[in-house]
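J.: Please read through the structure below; I'll follow up with questions.
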Amino acid sequence: MIYFCLKVKGEKMKILLTALNAKYIHTALALYCLRAYAKEFQEYIIIEEYTINHQEDFILQQIYRQQPDVICFSCYLWNINQISRIVDNLKKILPRVMIILGGAEVSYEAEQALQQIPADIVIRGEGEATFYEITKGIITNTLSLENIDGITYRKGNTIITNINRAPIALDDLPFVYDDIKSFQHRILYYETQRGCPYNCQYCLSSIEKGVRFLSKKRVEKDLQFFLDNNVPQVKFVDRTFNANTEHANHIWKYLIEHDNGITNFHMEITADILQQQSLQILKKARKGLFQFEIGVQSTNDKTIQAIQRNTSFEKLKEIVKQIKSYGNIHQHLDLIAGLPYEDYASFRNSFNDVYVLEPEQFQLGFLKLLKGSGLRKDAQKYGIVYRKDAVYEVLYTKELKCDDIFRLKQIENMVETYYNSGKACKTIKYVISFFETPFDFYEALGDYWLENRYNELQHSKMELYTIFYCFVCDTKCTAQYKDIIKEYLKLDIFINDNIKTLPDWLKEEEQENQKRWEYYNDAVLIKQKAPHLSEQTPKQLSKRCHICFLEYDIFSKNKCKKQVVVLFDYGKRDVLTKKYCYYQLV
């Protein structure tokens with residue numbers, strides 16, 4: 001079968017690779033991998049990236065104006081619904097265009113995808129070699145789909161699935177980044193391995209057996225490109241970065257030894273398998289060089305067994321604490337609500353187990369029944385009911401009622417609003433001590449939001465602080481400490497932003513401005529408490545800094561009523577927390 005797009009004589013064939021990213025700062029790595037592998041045909045290939053926030057009509061018009069002969073969409077959870085509608089309309093306005101789908105959302109149920117979306121071909125799984133063969137066939141007018149492995153395609157009214165493609169040697173894949181200018185202000189993604197050694201039943205990585213790695217020499221060359229170009233952040237897409245200890249250690253050592261003082265590297269790791277050799281390497285890293293994402297998912301042993309996670313939380317906890325003691329690595333810990341055998345009380349325990357580890361970011365996710373995943377196949381067995389359309393998120397389970405899910409959603413909102421944003425990190429740490437557990441605090445705060453219908457509106461930063469203050473004033477266990485809590489909120493406000501206008505409940509007295517100048521003029525005190533500012537003149541200090549007067553000594557154990565003077569330096573942030581640095585003058 002010869003399948004090709006007709007083109008007016010003399011016109012160049014145009015192949016469009018496109019994706020709808022979740023955010024502008026993201027890059028669609030898959031598109032660049034496909035283009036790089038088909039290097040000899042790059043003159044025919046165009047990449048266009050959009051976001052899910054673009055109007056579908058805008059995307060449709062942009063693609064139509066290009067008049068491509070082939071359009072390839074990278075399909076994932078977050079964009080498949082929009083892509084489905086766009087493809088449907090493209091087939092009406094560009095009936096002769098060939099449309100190819102690829103990505104996780106269509107790879108594992110390719111025939112169903114073609115039944116639902118009027119595309120022509122689905123590239124299943126790893127796509128570089130497959131895309132190259134299709135491109136070569138189109139350009140040379142020799143395309144024979146029945147001879148291409150790894151695709152599912154239409155032949156008249158029939159859908160045909162060819163055999164799977166054999167995995168490619170990773171060193172055969174070219175490095176995808178060349179002109180770094182086109183990626184300004186965006187996150188760059190990079191992979192050194194494909195596959196995963198684990199069999200987690202909520203994840204698609206368990207489907208591909210075995211793990212393949214780039215060679216050490218190749219990895220060093222690629223990483224040096226990022227370092228030489230002072231890229232702000234590189235995110236490894238390796239499913240388990242430290243699946244091979246030697247591989248991970250080699251990269252960590254290389255990045256530490258060649259650190260440019262700028263680039264940050266984000267990795268997903270399995271903490272409980274980290275060995276002391278690795279930890280001793282990591283201990284030497286510059287503060288902010290590495291950022292780790294660690295999936296805990298649950299601390300319920302029965303749940304962990306059901307999802308075949310096979311991790312030791314006790315070991316993970318020990319490792320996370322050890323890394324935290326180094327004070328140089330940002331840690332992001334995850335939980336998933338809706339897993340088998342985890343009811344509301346069990347999730348409360350998991351939440352508290354993870355929260356006390358004090359990660360820089362704490363994410364509450366909700367189970368998504370991905371196409372091809374083990375849990376999707378066993379959804380009936382575990383009583384998991386989920387949304388029909390992407391993102392296939394859990395609605396309720398045998399153990400977790402719909403009411404529970406929605407309540408956890410509000411708790412997630414509170415964690416994002418006040419903890420992960422860092423808006424009230426100091427205050428929360430103090431206020432939580434008046435509740436039985438951290439979970440109970442966030443639950444009470446979430447209930448307060450719903451009772452007062454704060455969830456129905458958008459709020460400014462100052463409004464969020466005001467709501468928090470009203471909450472502690474109206475809550476029995478914290479109301480008597482509201483004056484102390486107010487001082488904590490003041491601290492949080494000033495370490496987050498150089499605020500000029502405070503809410504009424506935090507208004508400062510007029511004479512405080514004069515008192516500030518007394519401290520700005522005290523060169524001896526400034527040199528003693530903040531020596532890096534000792535060369536600044538009082539006027540320069542007043543522009544760069546802010547001095548706040550607290551009515552309670554919140555830095556002491558007994559929180560006694562006593563004026564404390566704090567200087568906030570808006571020219572210096574903590575690398576891990578992104579908070580402005582502050583110094584207690586008195």
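J.: Taking the options Lys398, Lys368, Lys315, name whichever one is over 29 Å from Leu457 (Cα atoms), among the basic types (Lys, Arg) and touching an Asp or Glu at 6+ places or on another chain (Cβ under 6 Å).
T.: The match here is Lys315.
J.: Let me ask something additional. Got a number for residues in segment 200-253 being in contact with a Leu (Cβ under 7 Å, 6 or more places away or on another chain) and within 19 Å of Gln308 (Cα to Cα)?
T.: 4
J.: Would you confirm, using the coordinates I've provided, whether Ile269 is closer than 18 Å to Glu191 by Cα and open to solvent by less than 50 Å² (accessible area, probe 1.4 Å)?
T.: Answer is yes for this residue.
J.: For segment 175-196, does any single residue satisfy the condition of being over 29 Å from Asn264 (Cβ atoms), small (Gly, Ala, Ser) and in contact (Cβ under 8 Å) with a residue 12 or more places away in the chain?
T.: no
J.: Look through Lys539, Lys561 and report the one residue that is of a type in the set (Lys, Arg) and under 19 Å from Lys490 (Cβ atoms).
T.: Unique residue meeting the criteria: Lys561.
J.: Let me ask something else. Taking segment 371-390, which residues are open to solvent by less than 50 Å² (accessible area, probe 1.4 Å), out of contact with any strand residue (DSSP E or B) (no Cβ under 7 Å at 6 or more places or on another chain) and either among the polar types (S, T, N, Q) or in contact (Cβ under 8 Å) with a residue 24 or more places away in the chain (or both)?
T.: Lys371, Gly372, Ser373, Gly374, Leu375, Tyr382, Ala390
For (1) touching an Asp or Glu at 6+ places or on another chain (Cβ under 9 Å); (2) under 29 Å from Cys470 (Cβ atoms), each residue gets a yes or a no:
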position: Trp505; (1), (2): no, yes
position: Lys529; (1), (2): no, no
position: His532; (1), (2): yes, no
position: Ser542; (1), (2): no, no
position: Lys562; (1), (2): yes, yes
position: Lys578; (1), (2): no, yes
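J.: Another question, if that's okay. Is it the case that Tyr481 is in a helix (DSSP H, G or I), farther than 21 Å from Tyr583 by Cβ and of a type in the set (Ser, Thr, Tyr)?
T.: Criteria met by Tyr481.
J.: Show the residue pairs that are 6+ apart or on different chains and have beta-carbon atoms under 6 Å apart, the first residue being within segment 330-356 and closer than 15 Å to Ala271 by Cα, the second being among the hydrophobic types (A, V, I, L, M, F, W, C) and modelled with pLDDT under 95.
T.: His330/Leu576
J.: Another question, if that's okay. Looking at segment 391-412 only, could you name the residues that are open to solvent by 20 Å² or more (accessible area, probe 1.4 Å) and either part of a loop (DSSP other than H, G, I, E, B) or modelled with pLDDT under 95 (or both)?
T.: Those that are open to solvent by 20 Å² or more (accessible area, probe 1.4 Å) and either part of a loop (DSSP other than H, G, I, E, B) or modelled with pLDDT under 95 (or both): Val391, Lys398, Glu399, Lys401.
J.: Can you tell me which residues in segment 233-268 are part of a loop (DSSP other than H, G, I, E, B) and of a type in the set (A, V, I, L, M, F, W, C)?
T.: Of everything in segment 233-268, those that are part of a loop (DSSP other than H, G, I, E, B) and of a type in the set (A, V, I, L, M, F, W, C) turn out to be Val237, Phe241, Ala243, Ile262.
J.: Go through (1) without any contact (Cβ under 8 Å) to a residue 24 or more places away in the chain; (2) touching an Asp or Glu at 6+ places or on another chain (Cβ under 7 Å); (3) not hydroxyl-bearing (Ser, Thr, Tyr) one by one and return the number of the condition Asp301 breaks.
T.: Failed condition: (2).
J.: Also, I was wondering about something else. I'm trying to understand the selection: among the residues of segment 413-431, which are polar (S, T, N, Q) and assigned to a helix (DSSP H, G or I)?
T.: Within segment 413-431, Asn413, Thr417, Asn420, Thr427 qualify.
J.: Just the residues that are more than 17 Å from Ile269 (Cα to Cα) and either open to solvent by 40 Å² or more (accessible area, probe 1.4 Å) or of a type in the set (Phe, Trp, Tyr) (or both), please, taken from segment 282-307.
T.: Lys284, Arg286, Lys287, Asp301, Lys302, Gln305
J.: Taking the residues in segment 178-219 that are at pLDDT below 95 and among the hydroxyl-bearing types (Ser, Thr, Tyr) as candidates, determine which candidate is most open to solvent (accessible area, probe 1.4 Å).
T.: For segment 178-219, the residue satisfying everything is Ser182.
J.: Please report, ordered by residue number, the strands (runs of 3 or more DSSP E) entirely within segment 491-586 with at least 1 residues that are open to solvent by less than 20 Å² (accessible area, probe 1.4 Å).
T.: Output list reads 545-552, 561-573.
J.: Residues of segment 135-174 being over 27 Å from His26 (Cβ atoms), without any contact (Cβ under 8 Å) to a residue 24 or more places away in the chain and not in a loop (DSSP other than H, G, I, E, B), which ones?
T.: Those that are over 27 Å from His26 (Cβ atoms), without any contact (Cβ under 8 Å) to a residue 24 or more places away in the chain and not in a loop (DSSP other than H, G, I, E, B): Asn147, Thr158, Ile160.
J.: Sticking with this structure for a sec: Mind telling me which of the residues Tyr430, Tyr454 ends up being surrounded by 15 or more Cβ atoms within 10 Å (Cβ to Cβ), under 27 Å from the mean Cα position of the chain (by Cα) and under 20 Å from Asn420 (Cβ atoms)?
T.: Answer to the selection: Tyr454.
J.: Could you please find all residues in segment 61-71 being within 13 Å of Leu16 (Cβ to Cβ) and either β-branched (Val, Ile, Thr) or out of contact with any His (no Cβ under 9 Å at 6 or more places or on another chain) (or both)?
T.: Ile63, Tyr64, Arg65, Gln66, Gln67, Pro68, Asp69, Val70, Ile71
J.: Give the residues of segment 391-406 that are free of Cβ contacts under 8 Å to residues at least 60 places away in the same chain and within 25 Å of the chain's Cα centre (by Cα), sorted by residue number.
T.: Glu393, Val394, Leu395, Tyr396, Phe406
The values are calculated or read from the model by the stated rules, or taken from the named source; none is laboratory data. Fair warning: this is a prediction, and the values are worked out from it, not measured in the lab. Here Cβ is always computed from backbone atoms with ideal geometry, including for glycine, and neighbour counts include all displayed protein chains. Only protein heavy atoms, including side chains, enter the accessible area calculation; ligands, DNA and RNA are left aside. Shrake-Rupley method; radii C 1.70, N 1.55, O 1.52, S 1.80 Å.
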